[in-house]
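Only one structure is covered here, and it is reproduced in the block below.
The values are calculated or read from the model by the stated rules, or taken from the named source; none is laboratory data. Just so you know, these numbers come straight off a predicted model, no measurement behind them. Using ideal geometry, Cβ is built from the backbone for each residue, glycine included, and neighbour counts are taken over all protein chains shown. These area figures cover heavy atoms from the full protein model, side chains too; ligands, DNA and RNA do not enter into them. Shrake-Rupley method; radii C 1.70, N 1.55, O 1.52, S 1.80 Å.
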Amino acid sequence: MTPQPARPRKAVGGIGQRLAGHRLLWPTLILFALLLGNLAFHHDFFSIRVRDGHLYGSPIDILQFGAPLILVALGMTLVIATRGIDLSVGSTVAIAGALACGHISGAAHPGSVATMLTAAALALGVALVLGLANGFLVSGLGVQPIVATLILMVAGRGVAQLITGGQIITVTSAPYKMIGGGYWLTFPFAVLLAAVVVALTAFITRRSALGMLIESVGGNPAASRLVGIRAGGLLALVYVFSALCAALAGLMISSNVSSADGNNAGLWIELDAILAVVVGGTALTGGRFSLGGTVLGALIIQTLSTTVYTLGVPPETTLVFKAVVVIVVCLVQSPVFRAKVLRRRRTTPPRSHTTAGAVPQQQEAGA
């Protein structure tokens, strides 16, 4: 009898191997694990309700409050892909919110759409200048990215406080409230706006040569220079994009609370953004990047923050709790760590087998 070929089994195994090696597998599993962990403590965690034509629920809150982090991490991804870093995004968030709220509060018609558009344009224009300054320091003067952006990180926070006069500027503007706290088609407008920016970025970087050029500059700067790639222009471009994403996030944050706080707005968001990029699978050494992984990483960070409040973790231990969870997440996602754990399990023999085998060896040695 002729044996049947095992082609379907090989095909299934091949699909399983491809899924196991996919860069988005572990971020997706980690996100689902965090969500299911919340479900274990609150059985209505996934419940989504419609109230006054708007969607409400914990998943909607995670998306809405995670939208600014998604934008900041999106710009950070392209910067890290060029083997750089941008520590100034938190200050840019504060400056953008301070400029927008300051303009609206001093306008003759603060509730008009024209005033809101002018405020948003002012914030984005200043962010463009800040991004160009970072790009010039890195690409034009050859300053290390961590040093160049650290300058704006420190000085920018002071500039934001100068704009607000050290006070919290409150505004009352329905059009401006729409950016971060409004709804459109029953869905939070901030989530829709972040989704559009992510989609446009993915389309431009993956449907054109821009993404490949960015990866080339970050993966091998010497080789990219030899083939004629103008790394200086690309570096300036990614820092400008990072600043614009941070400014848009600043508009969302200040709009959601209808106020601007130059001291606390966007505080340490640069660290969450870097962590989201790393958790999403983009290496800090530059080269290949994953926009989808960055979005998942940002959602993981926001879900973790939501979990802290859901479980009622005391405020004095919140940072320690988040640090422990982040360490576990990074270890689970690390291929080197998983390989060592699997290798140790495979090489460690069962205790009963070693004990049983020791007696014959001793008798044989005595003989």
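If each Cα of the stretch 258-322 is one equal point scatterer, what is log10 of I(q)/I(0) from the Debye formula at q = 0.11, 0.25, 0.29 Å⁻¹?
So the normalised log intensities work out to -0.34, -1.05, -1.14.
Relative to the present Cα-Cα distance, how much length would full extension add between Ser208 and Val113 at 0.36 nm per residue of separation?
That pair, Ser208 and Val113, stretches by 30.7 nm at full extension.
Take every Cα pair under 8 Å in the stretch 43-197 that's 6+ residues apart, average their separations, divide by the length, and report that relative contact order as a whole percent.
So the answer I get is 32 percent.
May I ask you to list the residues of the stretch 245-280 whose amide nitrogen lies under 20 Å from a point 7 Å from Cα along the Cα→beta-carbon direction of Trp184?
Once the point is set 7 Å along Cα→Cβ of Trp184, 245-258 turn out to lie under 20 Å by backbone N, inside the stretch 245-280.
State the Kirkwood hydrodynamic radius of the stretch 62-213 in Å, one decimal place, computed from all pairs of distinct Cα atoms.
Across the stretch 62-213, the inverse of the average 1/r is 16.9 Å.
Output the Cα-based Rg and Dmax of the chain in Å, rounding Rg to one decimal and Dmax to a whole number.
Values for the chain (Cα only, Rg and Dmax): 25.1, 104 Å.
Would you work out the relative contact order for the chain, in percent, from Cα pairs under 8 angstrom that are 6 or more residues apart?
With pairs under 8 Å counted, the relative contact order is 30 percent.
Cα axis of helix 210-219 to longest principal axis of the chain: angle in degrees, 0 to 90, nearest 10?
Helix 210-219 sits at roughly 60 degrees to that axis.
Taking the Cβ of Gly219 as the centre, find all other residues whose Cβ is under 14 Å away and add up their charges (Lys, Arg: +1; Asp, Glu: -1).
+2
Measure off 7 Å from each Cα along the Cα-to-Cβ vector at Leu25 and Leu200, then give the distance between these two points in nanometres to one decimal.
3.5 nm
In what sequence, highest mean first, do 181-192, 96-107 appear when ranked by Cβ atoms within 10 angstrom?
Output ranking for 181-192, 96-107: 96-107, 181-192.
So between Leu311 and Thr172, what do we pick up on full extension, going 0.36 nm a residue minus the alpha carbon distance?
Separation in residues times 0.36 nm, less the Cα-Cα distance, equals 46.7 nm.
Mean shadow of the stretch 209-285, computed from the convex hull of its alpha carbons, in nm²? Write down the numbers at each step before the final one.
Values: hull surface 25.7 nm².
One quarter of the hull surface, i.e. the mean projection, equals 6.4 nm².
If you roll a 1.4 Å probe over the heavy atoms of the protein chains, what accessible area per residue do you get for the stretch 134-242, in Å²?
Working: 5810 Å² over 109 residues.
Per residue, the stretch 134-242 has 53 Å² of solvent-accessible surface.
Taking only the alpha-carbon positions of the stretch 162-230 and ignoring solvent, what does the Debye formula give for the base-10 log of I(q)/I(0) at q = 0.19, 0.27 Å⁻¹?
Relative scattering, expressed as log10 I(q)/I(0), comes to -0.81, -1.10.
Whenever you get a sec, line up Val72, Val154, Val328 from highest to lowest accessible area (probe 1.4 Å, protein heavy atoms).
Sorted descending by solvent-accessible area, the residues read Val154, Val328, Val72.
Between Arg230 and Val324, what FRET efficiency comes out of the Förster formula 1/(1 + (r/R0)^6) with R0 = 56 Å and r the beta carbon distance, rounded to 0.05?
According to the calculation, E is roughly 0.80.
So what's the angle, to the nearest 10 degrees on a 0 to 90 scale, between helix 231-257 and the longest Cα principal axis of the chain?
Once rounded, the angle reads 70 degrees.
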